[in-house]
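I have placed the structure first, in the form of structure tokens, so that the comments after it can refer back to it.
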Amino acid sequence: MNYKQNDYELIYMVRENDEVSQDLLYEKYLPIIKNLASEFYQKYNSYGYDFDDFFQEALIAFQKSIINFNEEKETLFYTFTVLCIRRALLSFCRNISNKTKNVSNNNYVSIEEYDNIFLDQKADIEMISNDYEIEKILKELIISLPFENSCIFELRLNGFSYREISILLDIPTSTVEFKNRSAKRKLEQLLNVFYKETI
């Protein structure tokens, strides 16, 4: 199934109960959902819960993020849904940690300690995507790009490799690389203007 629409179009169609759009959005974000579930599972797999439990929590959070996402707040859906999934998984880990810490303290990991790790891991992303003005620039860039270029750039933002994008969009990898470089140059120009204006 080829990915030919950006997040905002897909979300709109999902809210209109379009099953094809729902499948496309799920297919696009499945690797991200799995990666986040795996990250927390590896940290808390000693509590008797398997990967499917973590994946189910992540999937529910993803579905809720589609419903709760507000385009008017100028936030990228990718940033919003990742934050929603992380919060849900952190809450899930906090609950299972509280259930098991009184049973055995040998394998207990402080949830406060994990909070710090969680914040450290987000730091690099937040340098770009959690800044309101930068997010606004990214969103405006995606909207302004030719359709295929915007798809490529948004997929790269969502962590897809050139090869994965090539398969999803059914275009050569060389085309993906070229168009992504073009989008990055435009982003650099916009950021240069932004930082000059803020000095």
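Values quoted throughout were computed directly from the atomic coordinates according to the rules given, and no laboratory measurement underlies them. Please read all numbers here as calculations on a predicted model, not as lab measurements. For neighbour counting, all protein chains shown are included, and Cβ atoms are generated from backbone atoms with ideal geometry for every residue, glycine included.
Some points to look at:
- When segment 129-185 is reduced to its Cα atoms, the Kirkwood hydrodynamic radius in Å: 11.5 Å
- Using a simple spin-label model with pseudo-atoms 7 Å out from Cα toward Cβ, GLU72 and THR173 lie 4.5 nm apart.
- Exceedance of the 25 Å cut-off in Cα-Cα distance is limited, within the set LYS28/LYS184; LYS34/LYS136; LYS34/LYS184; LYS34/LYS179; LYS139/LYS184, to LYS34/LYS136; LYS34/LYS184; LYS34/LYS179.
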